[in-house]
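Below is one structure; the comments refer to it alone.
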4 protein chains.
Amino acid sequence: MRNLKFGLIGTGFMGNAHAIALRSVGTVFDDIAAPTLHCLVDADVANAAKLAKAWGFDQSSDDWRSVCDDPDIDVVDICTPNHLHREMALAAIAAGKHVYCEKPLALSSADAISIRDAAEVAGVRTATGFNYICNPLISKARAMIASGSIGDIYSFRGSYQEDYLADPATPFGWRLLRSQGGAGALADLGTHLINMAEYLLGPMAAVLGSLTTVHPQRRDSRTGDMRTVENEDIAQVLVRFDRGCSGTMEISRVATGKKCGLEFEIFGSEGSIAFDQERMNELRLFSNGGAQDERGYRTILAGPEHPDYAAFCPAPGHGLGINDLKVIEVRNLLQGISSGDHIYSDFANGCRVQEISDAIETSAQKYNWIDVSEDALQSLGKNE
Amino acid sequence: MRNLKFGLIGTGFMGNAHAIALRSVGTVFDDIAAPTLHCLVDADVANAAKLAKAWGFDQSSDDWRSVCDDPDIDVVDICTPNHLHREMALAAIAAGKHVYCEKPLALSSADAISIRDAAEVAGVRTATGFNYICNPLISKARAMIASGSIGDIYSFRGSYQEDYLADPATPFGWRLLRSQGGAGALADLGTHLINMAEYLLGPMAAVLGSLTTVHPQRRDSRTGDMRTVENEDIAQVLVRFDRGCSGTMEISRVATGKKCGLEFEIFGSEGSIAFDQERMNELRLFSNGGAQDERGYRTILAGPEHPDYAAFCPAPGHGLGINDLKVIEVRNLLQGISSGDHIYSDFANGCRVQEISDAIETSAQKYNWIDVSEDALQSLGKNE
Amino acid sequence: MRNLKFGLIGTGFMGNAHAIALRSVGTVFDDIAAPTLHCLVDADVANAAKLAKAWGFDQSSDDWRSVCDDPDIDVVDICTPNHLHREMALAAIAAGKHVYCEKPLALSSADAISIRDAAEVAGVRTATGFNYICNPLISKARAMIASGSIGDIYSFRGSYQEDYLADPATPFGWRLLRSQGGAGALADLGTHLINMAEYLLGPMAAVLGSLTTVHPQRRDSRTGDMRTVENEDIAQVLVRFDRGCSGTMEISRVATGKKCGLEFEIFGSEGSIAFDQERMNELRLFSNGGAQDERGYRTILAGPEHPDYAAFCPAPGHGLGINDLKVIEVRNLLQGISSGDHIYSDFANGCRVQEISDAIETSAQKYNWIDVSEDALQSLGKNE
Amino acid sequence: MRNLKFGLIGTGFMGNAHAIALRSVGTVFDDIAAPTLHCLVDADVANAAKLAKAWGFDQSSDDWRSVCDDPDIDVVDICTPNHLHREMALAAIAAGKHVYCEKPLALSSADAISIRDAAEVAGVRTATGFNYICNPLISKARAMIASGSIGDIYSFRGSYQEDYLADPATPFGWRLLRSQGGAGALADLGTHLINMAEYLLGPMAAVLGSLTTVHPQRRDSRTGDMRTVENEDIAQVLVRFDRGCSGTMEISRVATGKKCGLEFEIFGSEGSIAFDQERMNELRLFSNGGAQDERGYRTILAGPEHPDYAAFCPAPGHGLGINDLKVIEVRNLLQGISSGDHIYSDFANGCRVQEISDAIETSAQKYNWIDVSEDALQSLGKNE
């Protein structure tokens, strides 16, 4: 495995998280060739230079196209606002680069499909930044479900709730525009939940959503005027999976008190599993085994016996953090490029999530269930 | 306040719980005239006699009509299987008795309406056994919501999940017949959740449900044959309230690991409230007040500063139990009879819950929202 | 089994709790002959009469000796302040009554020994009100330890912390006098913890305590003067058990935020057990069995498979309350009287606890370990 | 601030953790000049070379003295087994290097004092690896205590329990030898707890310990013979602080089920604080403020409003991990070298902890309290 060269576009929250992961992935996983932090791009040339130095990049630029054009670069890493993903991803793919893009992959299914298809045709490897599924305990949960250790699955109860827009006084921002933020809470938070649900339980079959905009207007802090919020604060969804089980999803960016409330419960005939991202080092398991009077939900603490944990720490219960999930995500990308194995979540996964997100919006407008089986979506996609 | 005489019909789980509550209510609440346990009715005359002696009743009978006819009796207390509620309640009302009936009030809205209307015409006082709302912490939650201390309400996320039918090997029983168990999990568990939601947030406006029968057949342990399950194991519901907020409800009798999982989260502009019946002495509150870096969900332990708790124990955090909620429910009934004040939950509340339960079933069949505003239901009721 | 007649002395917190339990025990446990609430005693004759009527007693009195003298009475139940226990218990024993007395049994080992020995000589049955050990989950914990299911016991970490005297502004009261409150937090709270520890792990061998009076003076609310607090707010104890394991005990009445914080952790070679009375319906168990990557503390919810629970409720996870423990305690007393089996906690247990409490005080004064093996205490007792 | 050059000795658990932190500290904290990973030392020359490449070091060596001698190196970072700390630290100090050393600083107070004094005389900056105090929520807790927001402190209840030696079948190892592992659980775990307690509450005044070796012999997996364990599995300690409050400490390496159980409760007149390292992103706070019926322990989730968190993630509740604490520790060292400000924990802190650890051992042998006030220890140290 050779040291791949990265060009990173964007220096915000996600840009920094990617840089931290790129810096440390080789030290954490010593069987991985550490990537080279080749070029950091920011529209502000001085900021690009300053942060490139601080974060350990060899070069900096204020022109994102330069990293697509640079023959030295192997991977273009896109951490810009959502509405810029499409153009950048297509340019990088056109230049034959592997592409790593933050979620959501695009603002619409049509855009996501075009990116996915371009990457497929070009034969480049891709990854979408759905970091939460990289948690060692999520890998463990998936393995338990797959092995049948909690039996036939009866139901899924998922939610992703935060409160970053709960306060009516929070001013208007780009996230509230369709053209930039897409589908609101569904795009920001719901896409993680949809991806998590399918990662654990396989494909969804149909969805029926209900959308609510609690604060239809917010003040523009620059002009002082009230502006119309163009997307929803809350999405509530009924869902059915191909495997036969049913579920609900609750998505909110106005859930006062919730800070990173990605939670789920999965009930099966032999047991159940529960998870809350705010306690990301704990997986709750109920199992029908053992004496009746000694059963109960147990709290499994993440430890070296779970996938990937041992690379961070040989001692159990010591705890990973959110940035460590990004390190695993980058490792998955690097390993996928090297091995050719499927990268979960690649752009096909990212596109699938976007299609379901769009179907939830449609179902809410039509007050009826929408088929999201892969066949149905493929024909929908083709018609758009 | 005089000592009211009770005739109790039924000696199962609920009959015993009512008897315990009737025995102790006057000792717990010393400002309440203790009721007289006048007559206990069970179809098995020997069992009736034996339990009457053990439980402290003056008399026993194997004829439920005898307590309706007995001029000494003030209150007929119905703890029989659901499909018997209607006939007994109507007979008791016809005899001019106050009536206390376990939930669900009836098997259908039509039955529930007939009972409610008969009681209203007769002018007798009534109570339905929705004990969970009698919890001191639920009273506190309701008061906080009513006073606006968590602000405008944005969303409700409720569930009532148990696992008493999770095991496919559990044999067929009367609860699985429409004619006796009514609407399955919705009747057993969902009615508690609907009542709780309206108790806290006021009337629902519309519902849209999805029903699933995970185990469509179960073995009849007598004949050894497989029999068809006639009602649902899981109900998942989208809901909208008159006050404007939206929500989801998840109801399941096959949720492996859940034993009394009546849970809710209510999010408002100024805070949020969360509750789990399995930790019935705890109310979780997030409040926007105070320093930003010291905010978090707090766990309020039930104590004498909450309604009704002090009658049980002057020390905080010592804990009430499920049977104590029944004591409060009985106190509410006795006080309502004495004062004429509204008894929450009376038969009108019980009927309302049944109407919403029916609407959820209809919505699942029609794949569409059903209006459950009080006006809409009244006209529906009139047409049936 | 015949219906035993009770005379109850005291109408405070504990008097009411006993009355509730006496009223309902026969309805809860239908194989137990319900006791007769024969006479209620309160120094205020009008209050005695009023409460006797409300609580369902046949008679009332303002003379506690009358219940000792009454030939109809089988059991004298003592719920008065601690310093009155000795005289009342000795009189009841002298009259040949069975005696049920709240904890702590006495203010000193010498007093406790005299009561214990008198009861033993008279051959009457006795019970001390250490209600916390009556919890179905504590019975389960004890059985697990006894059966070796958590292996050899390595250590015990117990505490009983409340905050009823945390506020320096709380005025002076009788509990702060040696002559009435005895050993402060150790008497109020520590005695429960000592009894619990020995109930679970068998006899203690030696103790070494440290006592602290955080608020040495409090204001007398009647006179306005500051008065000296005569006993400790906090006791911290090192302990060794006969079985070889070691431990710590933390006892405090000034632990701000703790309301009923009777907690313990017990670590063994094969697992561990943890309990917190504030969540009295939960027992936490870690077990070495099963797959390494699926181990964790599980939360066992109380249910009908645990001792005594089913009498209250056939459904698991529905929750018992503090008053239900008293019902079990009364059942144990009635059963013990009827069967002659050991009643845990009888006066011998209550006396043992008092001896250990005294030894902790001595150890704190002498800055050294005190032997509390049963032989050692017996000789100490003989010398006093 | 210039880029300091590090020589890291040791490639085990801690060596890797330091390397990860050194790699990412400049990317996380962009106002810090990223250190240069100059040379990695391991006794196995091939391993040193392989890991140096993987972890991003410029050079490697099998001779630890070479990094002390190398004039390019600014900081010698010691991550070797405990018994090697002394010689390496003294050599590095003699060469005028700043020294960063894992905990415990030494095997005895005498050794720790010699290191501390050498560093003080040489005027080099030092840091000891007590990473747990670097948690943003611990900084917050310390600030709350210091500001008086939980009032006068009444008591401390601390523990550090793990189960890495709970299994009797775990073979003999170097940690069980006095000459290499020092004081057993006290050295491994207790030193973290002592340092944490003093960080939060200031100096201890006196200690009284009790030590237990649960497994006095373990099998040598090489020879097959049983060997004698030379240090304790459990330490239980009574403690008094200079500020007047009292406490207990429970330290165990045989606490089955505990994986990283560094826990404490601190009770004050106005509130209390509780923490559990297994949930390192949560701080529990009880505060006397607000309505009586809305009080309860709140769970504060770590967020950008707490010290250092924002550098890792701008969103609250997303969670830091154990390796992130090391990043903060390294930042503190770099900042301390640059600014000259006190580094908590420097070698003086590390030495202080060792002196208290030794005093606990002495107290257990003498069955009596040992004065650990700073004056007392200074004179002790001088006499040794």
Please find, within the stretch A:121-136, the residue that is nearest to residue A:313 (Cα to Cα) out of those that are part of a helix (DSSP H, G or I) and open to solvent by 30 Å² or more (accessible area, probe 1.4 Å). A:122
Within the stretch B:108-120, can one find any residue that is free of Cβ contacts under 8 Å to residues at least 60 places away in the same chain, crowded, with 22+ Cβ neighbours inside 10 Å, outside the structural domain of residue B:201 (by TED's automatic domain parsing) and among the aliphatic types (A, V, I, L, M)? no
I'm trying to understand the selection: among the residues of the stretch D:230-244, which are facing chain C (nearest Cβ under 8 Å) and not in a strand (DSSP E or B)? D:233
I'm trying to understand the selection: among the residues of the stretch B:204-228, which are in a loop (DSSP other than H, G, I, E, B) and surrounded by 22 or more Cβ atoms within 10 Å (Cβ to Cβ)? B:214
Taking the stretch D:299-313 and keeping residues more than 8 Å from chain A (Cβ to nearest Cβ) and either in contact (Cβ under 8 Å) with a residue 40 or more places away in the chain or among the polar types (S, T, N, Q) (or both) leaves D:299, D:300, D:302, D:306, D:307, D:308, D:309, D:311
Cβ contacts < 7 Å: first residue among the basic types (Lys, Arg), restricted to the stretch D:80-94; second residue open to solvent by 10 Å² or more (accessible area, probe 1.4 Å), any location; separation 6+ or different chain. Result? D:86/D:111
Selection from the stretch A:42-92 of residues that are among the acidic types (Asp, Glu) and under 25 Å from the mean Cα position of the chain (by Cα): A:42, A:74, A:77, A:87
Scanning the stretch D:248-259 for residues that are within 7 Å of another protein chain (Cβ to nearest Cβ) and part of a strand (DSSP E or B) gives D:248, D:250, D:252
Are any residues in the stretch A:153-183 under 26 Å from residue A:359 (Cβ atoms) and either within 14 Å of chain B (Cβ to nearest Cβ) or among the acidic types (Asp, Glu) (or both), and if so, which ones? A:153, A:154, A:155, A:156, A:157, A:158, A:159, A:160, A:161, A:162, A:164, A:165
Of the residues in the stretch D:280-298, those that are within 13 Å of chain C (Cβ to nearest Cβ), surrounded by fewer than 20 Cβ atoms within 10 Å (Cβ to Cβ) and part of a helix (DSSP H, G or I) number 1
Every residue in the stretch D:137-177 that is at pLDDT 95 or above, in a helix (DSSP H, G or I) and farther than 29 Å from residue D:308 by Cβ, please. D:176
May I ask you to list the residues in the stretch A:242-265 that are more than 20 Å from the chain's Cα centre (by Cα) and either among the β-branched types (Val, Ile, Thr) or not assigned by TED's automatic domain parsing to the domain that holds residue A:196 (or both)? A:256
With the requirement that a residue be among the small types (Gly, Ala, Ser) and free of Cβ contacts under 8 Å to residues at least 12 places away in the same chain, what does the stretch C:1-25 give you? none
Of all the residues that make up the stretch C:346-382, how many are surrounded by fewer than 15 Cβ atoms within 10 Å (Cβ to Cβ) and more than 30 Å from residue D:236 (Cβ to Cβ)? 1
Selection from the stretch C:299-345 of residues that are part of a loop (DSSP other than H, G, I, E, B) and either of a type in the set (Phe, Trp, Tyr) or open to solvent by 30 Å² or more (accessible area, probe 1.4 Å) (or both): C:304, C:305, C:307, C:308, C:314, C:316, C:340, C:341, C:342, C:344
Of all residues in the stretch D:260-279 being within 14 Å of chain A (Cβ to nearest Cβ) and in contact (Cβ under 8 Å) with a residue 24 or more places away in the chain, the one that is nearest to residue B:281 (Cα to Cα): D:275
Exactly one condition in (1) closer than 29 Å to residue B:276 by Cα; (2) away from chain B (no Cβ under 14 Å); (3) of a type outside the set (Asp, Glu) is false for residue C:316; which is it? (2)
Any idea which of (1) more than 30 Å from residue D:229 (Cβ to Cβ); (2) open to solvent by less than 20 Å² (accessible area, probe 1.4 Å) is the one residue D:146 doesn't satisfy? (2)
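The values are calculated or read from the model by the stated rules, or taken from the named source; none is laboratory data. Note that this is a predicted model, so its numbers are computed, not measured. As a convention, Cβ positions derive from the backbone with ideal geometry for all residues, glycine included, and neighbour counts pool all protein chains shown. These area figures cover heavy atoms from the full protein model, side chains too; ligands, DNA and RNA do not enter into them. Shrake-Rupley method; radii C 1.70, N 1.55, O 1.52, S 1.80 Å.
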